[in-house]
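Shown next, in structure tokens, is the structure this report addresses.
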Amino acid sequence: MNQLESSLYLEYLFLSLFSRKEARKPISVFHILTGKRTASILYVAESYQLKHFFSCFRHLKKEEYLKKMDILIERNELKTTSDSLVYLTEKGEKAVANFFENHYYPTHFNGLLEGRSLKSFWRLLTFVTQVLSEMSHENVRYLPIEKEWKQQIWLKSWLQMQKKMLSKEMLSQSFAKEWMALLAMIEPIGATVISMKLTGYKTYGKTAKQISILLERELDEIQVILTDGLFQCIKYIKESNEFPLFLELYLESIRKISLFNQSTLETKKLIDEGSSLDEVATKRGLKLSTVSEHLIELAILDETYPIKELIPERDYRQIMGLFELNPTIGYYEIEEQGYQIPFYIYRLLQIERRRTNG
């Protein structure tokens, strides 16, 4: 793999996030990739159908990203509009298709819902894997990969609890069986990369750089394969009854993590108790616009949140009727037709329509 080839992976992955049908803001896509949690960016992530990519590139540098955008524009794979939006060109669309014929494309990302739990879950999973592997060979002379004292204390407590139900041999065997079953369920390349990262008895996890050399793939591609594989693992762990030990680790990893920040949760509590948005704003000493953003965040992050119950029936019926006639109708167009509704209701109904129409 030459230097030119090794610089292309993220360029084409990011290129794939743009559309021929609609022009998109490059900076909004950047905020989605790095996980900027504002109501407007969350809405854009949903509108662009990029929620799954949310926060999956948290450490991406703005300068690096914009440089890639410039390269793609220079190659005429992206085209700019007069108002600084960009859309995918026919050349760009073909380039993406050709590139990913021979490279991995992530199809299991779930960044918006699981992004914040992924790192802590992987950290816990690899630590438990090492300890149980060493324990199964009765080896106590090893250097733990986890240096944080709190994590070590938690694991000791967890092991003591498990030993009340299983012998250490049975615990190690059960954990190994869960690993074998899980790796057999996910895509083979993801299983390979995850396996190569694990540390255990007389086995040392390889770095992403080492794996990229061994598999002859770019470093960024290896990182994407690992991330995509772990999202797939979480999905199967949650949906299946086959992984009770792994599920315990997952639940521990999310124990202190909420989809919503504390302020949004406080707003949710008051709304659930029957307070109107104006009342919530008064009780909490917040601007109405801030409370409205909390409501939009709730609607985007929780697809079961009862949007219809929060909107006056007449407004709901009238505006949804306008959406049926013109799915792309803008807020100001609605105002021009004589309908006076707050902007947050317009936004909530856009979300509701997207839900009901898939």
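The values are calculated or read from the model by the stated rules, or taken from the named source; none is laboratory data. Treat the numbers as computed from the prediction; the structure is a model and nothing was measured. Positions of Cβ are generated from backbone atoms using ideal geometry, with glycine treated the same way; all protein chains shown enter the neighbour counts. Heads up: the accessible areas ignore ligands, DNA and RNA and are worked out on the full protein's heavy atoms, side chains in. Shrake-Rupley method; radii C 1.70, N 1.55, O 1.52, S 1.80 Å.
State yes or no: is Leu310 open to solvent by less than 20 Å² (accessible area, probe 1.4 Å), closer than 24 Å to Ser40 by Cα and not acidic (Asp, Glu)?
No, not satisfied.
Restricting to the range 133-156, count the residues that are out of contact with any strand residue (DSSP E or B) (no Cβ under 8 Å at 6 or more places or on another chain) and in a helix (DSSP H, G or I). Working first, answer last.
Filtering the range 133-156 for residues out of contact with any strand residue (DSSP E or B) (no Cβ under 8 Å at 6 or more places or on another chain) gives 135-156.
Imposing the further condition that a residue be in a helix (DSSP H, G or I) reduces the set to 135-136, 149-156.
Summing the residues that are out of contact with any strand residue (DSSP E or B) (no Cβ under 8 Å at 6 or more places or on another chain) and in a helix (DSSP H, G or I) in the range 133-156 gives 10.
Based on this model, can you work out whether Leu182 counts as within 19 Å of Leu249 (Cα to Cα) and not charged (D, E, K, R)?
It is true that Leu182 is within 19 Å of Leu249 (Cα to Cα) and not charged (D, E, K, R).
Could you pull out the residue among Ile341, Ile345, Ile351, Ile329 that is in a loop (DSSP other than H, G, I, E, B) and closer than 20 Å to Thr290 by Cα?
Result: Ile341 is the single residue among Ile341, Ile345, Ile351, Ile329 that is in a loop (DSSP other than H, G, I, E, B) and closer than 20 Å to Thr290 by Cα.
Show the residue pairs meeting these rules: Cβ distance below 9 Å; 6+ apart or different chains; first residue within the range 308-322 and assigned to a helix (DSSP H, G or I); second residue open to solvent by less than 100 Å² (accessible area, probe 1.4 Å) and acidic (Asp, Glu).
Pairs that qualify, where the first residue is assigned to a helix (DSSP H, G or I) and the partner is open to solvent by less than 100 Å² (accessible area, probe 1.4 Å) and acidic (Asp, Glu), are Lys308/Glu352; Tyr316/Glu352; Met320/Glu352; Leu322/Glu333.
Condition test on Glu333, is it more than 31 Å from the chain's Cα centre (by Cα) and either over 26 Å from Gly35 (Cα atoms) or in contact (Cβ under 8 Å) with a residue 40 or more places away in the chain (or both)?
So Glu333 passes the test.
Looking only at the range 1-22, count every residue that is out of contact with any Asp or Glu (no Cβ under 7 Å at 6 or more places or on another chain) and modelled with pLDDT of 95 or more and tell me the total.
Summing the residues that are out of contact with any Asp or Glu (no Cβ under 7 Å at 6 or more places or on another chain) and modelled with pLDDT of 95 or more in the range 1-22 gives 8.
Taking the stated definitions as given, is Ile194 of a type in the set (Val, Ile, Thr) and more than 17 Å from Leu125 (Cα to Cα)? Show your work before the answer.
On the way: of a type in the set (Val, Ile, Thr): yes; more than 17 Å from Leu125 (Cα to Cα): no.
No; evaluated as a whole, the condition is false for this residue.
If you check Lys68, Lys91, Lys51, Lys62, which single one turns out to be open to solvent by 90 Å² or more (accessible area, probe 1.4 Å) and either closer than 30 Å to Tyr236 by Cα or touching a helix residue (DSSP H, G or I) at 6+ places or on another chain (Cβ under 7 Å) (or both)? Explain how you work it out, then say what you get.
Details: Lys68 fails: open to solvent by 90 Å² or more (accessible area, probe 1.4 Å); Lys91 fails: either closer than 30 Å to Tyr236 by Cα or touching a helix residue (DSSP H, G or I) at 6+ places or on another chain (Cβ under 7 Å) (or both); Lys51 fails: open to solvent by 90 Å² or more (accessible area, probe 1.4 Å).
Matching residue, one of Lys68, Lys91, Lys51, Lys62: Lys62.
Show me the helices (runs of 4 or more DSSP H) entirely contained within the range 1-86 in which 3 or more residues are without any contact (Cβ under 8 Å) to a residue 40 or more places away in the chain and of a type outside the set (A, V, I, L, M, F, W, C). Give the derivation first.
On the way: elements: 9-15, 26-34, 39-47, 62-74.
In the range 1-86, 26-34, 62-74 are the helices (runs of 4 or more DSSP H) which contain 3 or more residues that are without any contact (Cβ under 8 Å) to a residue 40 or more places away in the chain and of a type outside the set (A, V, I, L, M, F, W, C).
Got a sec? Which of Pro327, Pro342 is without any contact (Cβ under 8 Å) to a residue 40 or more places away in the chain and within 27 Å of Ile32 (Cβ to Cβ)?
After applying the criteria, what remains is Pro327.
How many residues, within the range 131-156, are open to solvent by 80 Å² or more (accessible area, probe 1.4 Å) and in contact (Cβ under 8 Å) with a residue 24 or more places away in the chain?
Counting residues in the range 131-156 that are open to solvent by 80 Å² or more (accessible area, probe 1.4 Å) and in contact (Cβ under 8 Å) with a residue 24 or more places away in the chain gives 1.
Considering each residue of the range 8-45, count those that are open to solvent by 30 Å² or more (accessible area, probe 1.4 Å) and among the acidic types (Asp, Glu), and give that number.
Here the count works out to 1.
In the range 157-196, how many residues are exposed (fewer than 14 other Cβ atoms within 10 Å of the Cβ) and in a loop (DSSP other than H, G, I, E, B)?
3
If the requirement is being over 23 Å from Arg354 (Cβ atoms) and touching a Leu at 6+ places or on another chain (Cβ under 7 Å), which of these qualifies: Lys68, Lys25, Lys51? Walk me through how you get there before you give the answer.
Values: Lys25 fails: over 23 Å from Arg354 (Cβ atoms); Lys51 fails: over 23 Å from Arg354 (Cβ atoms).
Exactly one residue qualifies, and that residue is Lys68.
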